[in-house]
Structure formats: structure tokens, C-alpha cells
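The values are calculated or read from the model by the stated rules, or taken from the named source; none is laboratory data. All values derive from a computational prediction rather than experimental measurement. Neighbour counts run over all protein chains shown; Cβ positions are idealised from the backbone, glycine included. Areas reflect the complete protein model, heavy atoms only, side chains present, ligands, DNA and RNA absent. Shrake-Rupley method; radii C 1.70, N 1.55, O 1.52, S 1.80 Å.
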Amino acid sequence: MRDRLLRDGYVILAIAFVGLRLFAVKPWADSVDAYAYWTTRSGDFYAAAQTGEIGAYLYSPAFAQAIAPLVWLPIAVFTAVWTAFNCAALWWLLGRYALPSLLFLPIPFEIISGNVHLLYAVAIVVGFRHAASWTLMLMTKVTPGVGILWFLVRREWRSLALAVGTTVAIAAVSLLLDRGAWEAWLKLLQADLSGAGQASFQTLGWYVPVPLLPRLVAAAGLVALAALTDRRWLVPFAVVLALPVVWLNGLAVLAAAVPLWRTSIPSAAGRFAASPAVR
């Protein structure tokens, strides 16, 4: 009975929220990051590209090309579809615990903003079996792809080759389709690394005011520790550390730690019903 109530409660809440977005009910219709993805329909992906700027698209051209069929939908429909993706991702990860997980503020903030952090969580869980899923991180925020060091440390060469090879193949095809967009994106990355592209953040929200480099070094060390001690559930923490900017909703990636922890501790897994992510 309890499981059914948790499931039904989450499904009803998810459908209601998707409906509010579909019918553009204010203020629930607004989704900062989903809007940024939708603006790529113009073809000029980086017209407003600057870290922290509202509506700025900052990912690779490959991601924009991948979602191209969706961005031609009206903004309300696109936002509703993107919200449904995130809600489905959360259920896949946590199952009946999806509803109480909404008390962890980064998760509802992530669903509202429409970023890719819950999709990252899914990709991390899937990535231990299908390494190619790490392409999502490498083709969007780039540095969270530090997680592939797991394969390097454990000498899982086939998985490492799949992660890197799939990313390179997709990037090559994307480059052939739009060389100019790739040049613009690489210039954007260079500006961010040099500090020239850093502006005062327009997007409201809490973020960690620690530079990327020390966080990236710490993330690499954490992945190495996770690989050496066979603690898969530590990898989502490393991915969070490696985010270019750690916004509050970025902590939603930690949802991946739950199914990974369940599978790493048999006694715990036996006490909790397995989520769809680990069935």
C-alpha cells in the first residue's frame, strides 16, 4: 500500500507539473536551461553564450544537433517534454523513493530549471555497463567526463575505448555538419579557461565559489579512489565536483549514488526494493 501511494503520488505530481508547463501556466512555465536549449533552433548556437548568462547555450554543437528535432516544437511543448524526461529519469533512478527525494532541494530545482543533471545521473549508472553513455557528459559540460578515469584506473581498456571512441565519432560527424559552430564553441571554451569569458552571473541561484581546476583535480582523485576500492557510488560525487560551475541543482547528479550504493552493498540492497535502474 505504501509503495503504491508513493508511486501514484509521484506520477500525479509529475503529470500535473508537465501539464502546467504544457499550458504555459505562470510562473511554472519558466525553465531557464530548457529555454537555452530551445534557442538553438536559430542555428546560431552561441549568439548569447557566456557562463552564467540567462538563456546562454554553452554545450557542444553535437548536443544541439542531437536535440534539433525537439527544438522545433513550440517552447511550451518543448519545456513540457523536457520536464517529462527529467521526471522519468528520476523515477528510473529511485523508483518509489522519487517522491520523497523531492525534499532534497537540488532535485526539484533541477526539474524546474530543466538542466541535464538528472540525465547525467542516468548516464553514470548506465555507464558502468555501457561506457558510451559518458559521451553525454563529454559533449555537454565536458569536465564531468572525468568519470571515465574509472576505466583507466581499473584497466578496463574496452570500456575506455568505447567511451572515448563514441565521443570522437559523434564529434567528427558533428564537425562535418557544422564546422563554424565547432570553431565558435572552442573559442568559447578557451575564453572561459582564460577567464576572459567570465562575467557576473545573471542566473539567480546558489553556486560553489571554488575555481574549476582544484575541483577537477579533487574529482580525478576521487574517481581513482572509487575505482581502486570498487565504490561506484563515489563517482557521482566526483562528477559534481567536476561540473564547470556547481550550482545547487547540480547536486541532483547525486541521485545516481543511490542505485549504485544499493548494488554495492548486498545487505542494504536486500532491505530496500530495487529501483528500475538496478533491476
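Summary of values
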{"item": "A268 open to solvent by less than 10 Å² (accessible area, probe 1.4 Å) and modelled with pLDDT under 95", "result": "yes"}
{"item": "Filtered residues of the stretch 66-82 (kept if closer than 26 Å to T143 by Cβ and either outside any helix (DSSP H, G or I) or under 17 Å from the mean Cα position of the chain (by Cα) (or both))", "result": "A66, I67, W82"}
{"item": "Subset of the stretch 1-38 [among the aliphatic types (A, V, I, L, M), outside any helix (DSSP H, G or I) and either open to solvent by 40 Å² or more (accessible area, probe 1.4 Å) or modelled with pLDDT of 95 or more (or both)]", "result": "M1, A24, V25"}
{"item": "Near pairs, Cβ below 9 angstrom, 6+ apart or cross-chain, from the stretch 173-200 (farther than 15 Å from L58 by Cα and polar (S, T, N, Q)) to any residue that is open to solvent by 40 Å² or more (accessible area, probe 1.4 Å) and modelled with pLDDT of 90 or more", "result": "S174/Q65; S174/A66"}
{"item": "Residue check, V210 among the β-branched types (V, I, T), under 27 Å from Y59 (Cα atoms), modelled with pLDDT under 95 and surrounded by fewer than 15 Cβ atoms within 10 Å (Cβ to Cβ)", "result": "yes"}
{"item": "The stretch 100-129, residues that are charged (D, E, K, R) and open to solvent by 20 Å² or more (accessible area, probe 1.4 Å)", "result": "R129"}
{"item": "Qualifying residue in the stretch 153-161 (condition: at pLDDT 95 or above, open to solvent by 20 Å² or more (accessible area, probe 1.4 Å) and touching a Leu at 6+ places or on another chain (Cβ under 7 Å))", "result": "yes"}
{"item": "Scan of the stretch 210-227 for residues that are without any contact (Cβ under 8 Å) to a residue 40 or more places away in the chain and in contact with a Lys or Arg (Cβ under 8 Å, 6 or more places away or on another chain), ordered by number", "result": "L225"}
{"item": "Criterion: open to solvent by 50 Å² or more (accessible area, probe 1.4 Å) and at negative phi - qualifying residue of Y59, Y97", "result": "Y97"}
{"item": "Residue in the stretch 253-264 that is under 16 Å from T140 (Cα atoms) and either touching a residue at least 24 places away in the same chain (Cβ under 8 Å) or charged (D, E, K, R) (or both) present", "result": "yes"}
{"item": "Subset of the stretch 228-239 (residues that are surrounded by fewer than 23 Cβ atoms within 10 Å (Cβ to Cβ) and touching a residue at least 24 places away in the same chain (Cβ under 8 Å))", "result": "L228, D230, R231, R232, W233"}
{"item": "From W82, W92, W38, W72, residue being more than 25 Å from L243 (Cβ to Cβ) and aromatic (F, W, Y)", "result": "W72"}
{"item": "Selection from the stretch 108-119 of residues that are more than 13 Å from W247 (Cβ to Cβ) and within 12 Å of the chain's Cα centre (by Cα)", "result": "I111, L118, L119"}
